[in-house]
Amino acid sequence: MQLQVPADPVAPAMHGLSLRRYGASRGSHAHDHFQVLVGLSGQLDLEVEGRGRHIAPGEGWVIAPGDQHDFESSQGAQCLVLDTSDLPWSRAVGRTPMAQRTLSLARYLALCLGQPDSPMLALHHGPALLLEAWGPLPASASRRRAIDWAALSLWAQARWQRPLTVADMAAVVCLSPSQFAQRCRDEWGMGAMQWLRQQRLVHARQLRGHGMSVAEVARRTGYRSPSALTAAMRREEAPAPLSRLSSLTSEP
């Protein structure tokens, strides 16, 4: 998430944790990874895919890969932020953490980040502790057979040249199309085809990052032309208008 005011010292990238301050200047973007926000002070006004939230101290939210999010804080806010590609965070999308437990942990990790010689053991285990602080899955969800999302993504990568459907993906994980679509919404906070489009764009970015030409990346990832690929990348990065803050309502 983009800084609105200079942030506190940012932690090394290997654990993905950082302290960030937000101000009245609006920001808007999307990521190809999960972003975990925990409020430390003030109130951050957040809108994710058109749905509003207020993040106060101890409250948190997980932004799924590809979700457009807008943010600002009229009085200023500070958050502990985790940027991560770890798939277990998919089960926390759309769920709020246990506030008292999360605030204590976030304050301790913030203290660690602010020290000249950061306690690396605490920061190394910080992401896993934060995930635990989100609490267990509902009983109905915990009884479900786990989907190997990483394996499904690799399966899709090998088939970008053909039009994949929800039914195709559902068959791979031995679910009905409706069951698979619901699992995408529950575990990723997005529709099945949106998840598929996000995987294709992430793969394209990875190939571009290895120095491959736009034309070759477009060919390998099934875009109809290089311009279609660049347009998809621009759409992901383009800012979206933030709704009036008066219309933001806290979700349960």
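Per-residue extension of 0.36 nm, minus the Cα-Cα distance of R185 and R234, leaves a gain of 15.2 nm for this segment. Computed with a 1.4 Å probe on the full set of protein chains, the accessible area for S227 sits at about 80 Å².
When only the heavy atoms of the protein chains count and the probe is 1.4 Å, how do R205, R91, R107 rank by accessible area, highest first?
On the way: R205 60, R91 100, R107 135 Å².
Listed by decreasing accessible area, they come as R107, R91, R205.
Once you have a ≥ b ≥ c as the square roots of the Cα gyration tensor eigenvalues for segment 39-87, tell me rounded if a/c is under 1.5, and otherwise prolate or oblate according to whether a/b is larger than b/c. Note, shape of segment 39-87 comes out oblate.
Average 1/r across all pairs of distinct alpha carbons in segment 75-122, invert it, and you get the Kirkwood radius: 12.8 Å.
Report the label-to-label distance for A171 and W155 in nanometres (one decimal), using points 7 Å from each Cα along the Cα→Cβ vector. Those two pseudo-labels are separated by 1.0 nm.
Would you please give the FRET efficiency between S225 and R145, computed as 1/(1 + (r/R0)^6) with r the Cβ-Cβ distance and R0 = 25 Å, to the nearest 0.05? Walk me through the intermediate numbers first.
On the way: r = 39 Å, r/R0 = 1.57.
Working from the Cβ atoms, E equals 0.05.
Over the C-alpha trace of segment 43-158, radius of gyration and Dmax come out as 16.0, 48 angstrom.
The values are calculated or read from the model by the stated rules, or taken from the named source; none is laboratory data. Worth saying up front: this structure is predicted, and the values here are computed from it rather than measured. A quick note on method: Cβ atoms are made from the backbone with ideal geometry, for glycine too, and the neighbour counts reach across all protein chains shown. Note: accessible area is taken over every heavy atom of the protein model, side chains too, but ligands, DNA and RNA are not part of it. Shrake-Rupley method; radii C 1.70, N 1.55, O 1.52, S 1.80 Å.
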